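The values are calculated or read from the model by the stated rules, or taken from the named source; none is laboratory data. Note that the structure is a prediction, hence the values are computed from the model and not measured. Every residue, glycine among them, receives a Cβ derived from its backbone with ideal geometry; neighbour counts consider all protein chains shown.
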Amino acid sequence: TVVMASKDALSRIKNVVEYLDANDGLCKGEAIREWIEAKIEAKLHIKHCTFYELQHLDTRHRDLAMVGMNLSTGQTEIFSYKTTPFVVISDAVRISMSIPFVFKP
């Protein structure tokens, strides 16, 4: 059976594709980053805690690492004390959880 899409449905799909192309995604992801930041700050009592600060603060979490995509280079990046000591952990979480076209870079 062949199913034909209505002109209205095709128009909606076109609008979504144009929106994604113009805006790089549906969600900014800022609310999630702020929520993660609040959880880290509540636990560690450090605002905008970096991998460097965590490394020198708590021996239980020294090996924290995350993976994200560098959209400029197309390469995978590892966020950790060794590779990105001064990156804020909540920013690294935001980067690592981003799904292309869902979350804006």
Determine if the range 62-72 includes at least one residue that is at negative phi, assigned to a loop (DSSP other than H, G, I, E, B) and at pLDDT 95 or above. no
Collect the residues in the range 6-33 that are at pLDDT 65 or above and outside any helix (DSSP H, G or I), keeping them in residue-number order. Ser6, Leu26, Cys27, Lys28, Gly29
What are the pairs with Cβ atoms under 9 angstrom where one residue, in the range 37-53, is surrounded by fewer than 12 Cβ atoms within 10 Å (Cβ to Cβ) and the other, located anywhere, is in a helix (DSSP H, G or I) and charged (D, E, K, R)? Sequence gap at least six, or different chains. Lys47/Glu37; Lys47/Glu41
